[in-house]
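I have placed the structure first, in the form of structure tokens, so that the comments after it can refer back to it.
The values are calculated or read from the model by the stated rules, or taken from the named source; none is laboratory data. Since we're looking at a predicted model, the values are computed, not measured. Every residue, glycine among them, receives a Cβ derived from its backbone with ideal geometry; neighbour counts consider all protein chains shown.
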Amino acid sequence: MALPRILLNLGLDSLLAALALPLAVWMAAPGDWPPPALWWLGALPGGVAALLLAGVPVRLPQQYWRFAGLKDLVAVVGAGIGGAMLFALGLYATDAWAPGNPAFPLIHAGTLSALLLAPRILAPLKQVHRVGPLSEAPAQPVLLVGTGDAADLFIRALLQQRAPGYRVIGILARRPRAAGRRIHGHPILGGLEEAGEVLDRLRAELRLPGAIVLADPDLQGPALEELLDAADRHGVPVKRAPRLTALDPARRDSTVVRRFDLRPVAIEELLDRPQVPLDREGMARLVQGRRVLVTGAGGTIGGELARQVAALGPAQLILLDHGEFALYGIDLELAENHPGVPRRAMLADVRDAARIARLMEVERPELVFHAAALKHVPMVENDPLEGLLTNALGTRVVADAARAVGCRAMVFISTDKAVNPTSVMGASKRLAEMYCQALDMQARRAGGMRCVTVRFGNVLGSTGSVVPLFRRQLERGGPLTVTHPDMRRYFMTVREAVGLVLQASVVGMADAEGFRGAEAAGAGRRQDQPTELADGGIFVLDMGKPVKIVDMARRMIRLAGLRPDEDVEIRFTGLRPGEKLYEELFHGQEPPHPTQFPGLLVATPRTADAALVGRAIDEIAAAARGGNAEAALAQLARLVPEFDHNPGTAPVAHA
């Protein structure tokens with residue numbers, strides 16, 4: 001605070017102290033005044049000096065009156081009491097004058113505190129409706145969800161507007177016992193689970209809100225789903241308020257217009273996904289100070305892997321992708337967000353064995369995350385040989401090159417479509433799983449690079465997933481296309497999926513060479529205990545319950561403020577080549593076992609010989625390069641006996 005402002009505060013506080021003293025004398029004993037000389041030369045200056053002295057420990061002159069909070073007001077009361085006590089001690093020590101009422105010190109303390117508090121309480125109130133342009137549009141009535149700091153800051157942010165766009169008519173609390181209380185004068189109408197009853201009551205009173213505003217940032221999953229259902233029945237849109245830091249009026253100067261926009265609820269927020277605690281220390285030990293390579297770094301999973309790995313402090317981060325623009329994008333993002341992390345962006349095709357071998361020889365990564373893949377089922381069905389070359393051969397090329405240069409571990413990103421596959425994409429990923437499992441079992445027996453395989457389902461918002469497709473279709477006004485009314489899929493957010501991939505890497509590498517001591521300690525077990533991946537098992541992310549795609553389509557239409565089948569049509573187009581109605585996370589011969597980390601399971605492996613699987617992949621690759629789709633798929637079916645191909649049409653060989 002500038003010196004002139006401090007001096008002004010000193011002057012104002014001195015004036016208030018000078019006013020408090022005669023008022024206290026009059027209240028304590030009217031007519032019992034000290035002699036005029038003593039009053040003007042001793043009592044008044046003494047009262048002012050006592051307050052200023054008592055205000056020093058609590059920094060009274062430095063207070064910003066307009067932003068005075070509870071802590072500041074408590075300090076003001078303390079200064080008032082302290083000033084009154086010091087003044088009383090001064091009177092007793094000088095014996096110049098004794099008030100007739102023995103309660104005078106208490107009356108003086110109360111009077112002084114009240115006068116000091118008054119301007120500090122009134123100053124913030126003067127800011128109400130001072131900021132922002134005037135508007136003739138009426139404020140939209142809203143029902144606020146959330147109590148505590150979130151609701152408090154939202155309402156205070158509205159009070160800072162000269163013409164607020166929203167008017168709170170009531171509050172829904174997270175707990176029903178808060179009903180009947182008030183926040184800033186606004187009544188708490190009921191608990192969150194009573195949303196339907198509250199909306200019914202408001203409709204009967206002709207006070208139905210124009211929107212429901214979620215002030216609580218932690219409201220997600222089933223509770224949010226129930227609230228949306230109640231709001232849908234009344235045609236009330238649900239929107240989310242900005243984060244607390246965007247609403248906090250104390251963080252902004254009064255000359256700045258405090259504008260904030262409500263945003264729609266995202267479909268990702270409806271997943272029944274409780275927050276899974278992760279071993280961040282173990283992840284840091286795994287990555288920190290090591291050279292890390294991420295293939296497919298321009299994709300959804302690879303890009304998020306690159307972001308989270310960069311945040312863990314690797315010695316070098318190598319970004320590899322076949323797509324120039326995608327690679328440029330993630331490299332630019334990391335340059336802006338993690339400028340201190342050494343990195344290299346490299347254009348390469350994982351199917352090019354010579355190029356990958358040279359790259360590995362130069363960079364010598366210690367940890368490889370292999371996310372590069374062709375993953376869109378209909379596209380791979382249209383070009384099955386390309387899928388086999390990228391997903392199966394490409395995985396073998398990366399794994400062999402990494403092992404040849406002494407890489408400590410490779411983490412392979414697989415998919416639930418590898419379980420009982422009906423598509424070439426799923427079968428090619430299962431073949432890649434088999435090779436990585438075989439390599440890992442070989443490493444367990446003879447040492448060398450560990451291969452950790454992680455399998456999970458659909459990632460919300462990833463390239464080619466239904467959510468971006470539905471959003472594009474909604475922007476065009478529909479229809480939303482769903483292949484089948486019974487189609488179900490497992491879903492997970494990309495950030496959660498990658499966090500669990502890193503967690504699986506920590507657990508899977510707990511007893512590998514170079515990681516034994518630190519990771520075993522981080523995983524909370526003795527070094528002589530086996531890990532969950534003792535026999536080449538596959539880590540599987542617990543995806544929760546499968547979601548019907550048609551339900552997701554309906555929910556996205558409602559979140560856009562529209563009505564399914566009325567404003568926007570849902571059209572069923574039929575199963576596409578290679579698609580299944582239901583995906584699975586485990587084969588019948590690989591029963592799952594829990595790990596010590598929630599959200600992470602491990603599948604019992606089906607063993608295979610690395611050399612045999614490697615030769616079979618080479619044969620498939622040779623057939624694929626020769627354009628012989630029939631031979632390549634026949635060999636794939638022999639290696640993956642559960643492969644029940646549903647091509648829709650016969651595969652076409654593309655030159």
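Would you point out the residue of the stretch 306-340, among those that are within 24 Å of the chain's Cα centre (by Cα) and polar (S, T, N, Q), that is nearest to ALA371 (Cα to Cα)?
GLN308
How many residues are among the basic types (Lys, Arg) and without any contact (Cβ under 8 Å) to a residue 60 or more places away in the chain if we restrict to the stretch 607-650? Please lay out each step first, then the result.
At the first step, the residues of the stretch 607-650 found to be among the basic types (Lys, Arg) are 615, 625, 638.
If we keep only those that are without any contact (Cβ under 8 Å) to a residue 60 or more places away in the chain as well, we get 615, 638.
Number satisfying all stated conditions: 2.
Scan the stretch 524-534 and give yes if some residue there is outside any strand (DSSP E or B), assigned by TED's automatic domain parsing to the domain that holds ALA297, crowded, with 23+ Cβ neighbours inside 10 Å and modelled with pLDDT of 50 or more, otherwise no.
no
Would you check if there is a residue in the stretch 358-378 being surrounded by fewer than 19 Cβ atoms within 10 Å (Cβ to Cβ) and under 29 Å from the mean Cα position of the chain (by Cα)?
Scanning the stretch 358-378 turns up at least one residue that is surrounded by fewer than 19 Cβ atoms within 10 Å (Cβ to Cβ) and under 29 Å from the mean Cα position of the chain (by Cα).
Applying the selection to the stretch 5-36, what residues are over 21 Å from PHE104 (Cβ atoms) and at pLDDT below 75?
Result: ARG5, single match.
Which helices (runs of 4 or more DSSP H) does the stretch 299-390 wholly contain that include 3 or more residues that are more than 21 Å from ARG625 (Cβ to Cβ)?
Answer list for the stretch 299-390: 300-311, 324-337, 353-363.
Does ALA230 fit the bill of being modelled with pLDDT of 80 or more and surrounded by 14 or more Cβ atoms within 10 Å (Cβ to Cβ)?
yes
Tell me, yes or no, whether the stretch 338-348 has at least one residue that is closer than 28 Å to ARG430 by Cβ, of a type outside the set (Lys, Arg) and buried (at least 21 other Cβ atoms within 10 Å of the Cβ).
No, because not a single residue in the stretch 338-348 is closer than 28 Å to ARG430 by Cβ, of a type outside the set (Lys, Arg) and buried (at least 21 other Cβ atoms within 10 Å of the Cβ).
What's the total number of residues in the stretch 181-206 that are without any contact (Cβ under 8 Å) to a residue 24 or more places away in the chain and within 22 Å of LEU153 (Cβ to Cβ)?
6
To keep it simple, each residue is scored yes or no on (1) in contact with an Asp or Glu (Cβ under 7 Å, 6 or more places away or on another chain); (2) touching a residue at least 60 places away in the same chain (Cβ under 8 Å); (3) farther than 23 Å from GLY537 by Cα.
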| residue | (1), (2), (3) |
| --- | --- |
| GLU381 | no, yes, yes |
| GLU386 | no, yes, yes |
| ARG396 | no, yes, no |
| ALA402 | no, yes, no |
| VAL405 | yes, no, yes |
| MET410 | no, no, no |
| LEU431 | no, yes, no |
| LEU439 | no, yes, no |
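Restricting to the stretch 560-578, name every residue that is at pLDDT below 80 and crowded, with 19+ Cβ neighbours inside 10 Å.
GLY578
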